[in-house]
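Below: the structure, in structure tokens.
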Amino acid sequence: MLLSRWFFISFLLLALAGCQSAYYGAMERVGVHKRDIMVDRVESAQDAQTDAKEQFESALAQFRSIIQIKDQDLATRYDKLNSEYEDSKAAAESVTDRIDAVEDVSEALFDEWEDEIELYSSANLKRQSAAKLSQTRRQYQALIKAMRSAESSMEPVLRAFQDQVLFLKHNLNARAIDSLQGELGSIETDVAQLIREMERSIAESEAFISSLQYQDQ
């Protein structure tokens, strides 16, 4: 049974890899190259991070209002915070999906670039292309590092919000709100760290896209 499952998983991975290769090949035939797809996906990931940053800020604002505004119905407070938590979780998942998409096309692009370097007959042009590949790869690695760092900073915030949502759900009474007061500072610190990481990653995305556009000039 275990062996059959392993073969099934291996088959799925090969099929997915084949689908991606077919997709990139089809796009090449209509004039859309891997580099264009890469830039588009970096911009898409950048947009997702901006959306996530704004969503986490909104969730924090909602949490503050729950703590500070005492005349709200407790069930209403729970519904509002839970809605913000679910939206934040969806935003975080979107960020992960788009970073994964950037990594996928980037791996294909760099593999193709390495293969094509071997086709040069001019040693000078081959050396220049290899140097450009090395430079672009370093810039890309800095970008992905910043993106993954921002991605990882979302998890503790999501866990903290989930804790508060569950606590409110299970303790819909005035003492529940009072006990949450002590958590506000910790969550504010986590969200501030998340926002800094997101902004750094967004800046890396902009620098990476600019560097590619500069190379075209």
Condition met for E107 (farther than 24 Å from S210 by Cβ, in a helix (DSSP H, G or I) and free of Cβ contacts under 8 Å to residues at least 12 places away in the same chain): no
Residue within the range 81-95 that is over 28 Å from the mean Cα position of the chain (by Cα) and either under 20 Å from R137 (Cβ atoms) or surrounded by fewer than 17 Cβ atoms within 10 Å (Cβ to Cβ) (or both) present: no
Only one of D115, D71 that is assigned to a helix (DSSP H, G or I) and either modelled with pLDDT of 90 or more or among the acidic types (D, E) (or both): D115
The range 123-146: number of residues that are touching a helix residue (DSSP H, G or I) at 6+ places or on another chain (Cβ under 9 Å) and either of a type outside the set (V, I, T) or more than 30 Å from Q55 (Cβ to Cβ) (or both): 14
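The values are calculated or read from the model by the stated rules, or taken from the named source; none is laboratory data. Given the structure is predicted, the values throughout are model-derived calculations rather than measurements. Every residue, glycine as well, gets a Cβ built from its backbone with ideal geometry; the counts of neighbours run over all protein chains shown.
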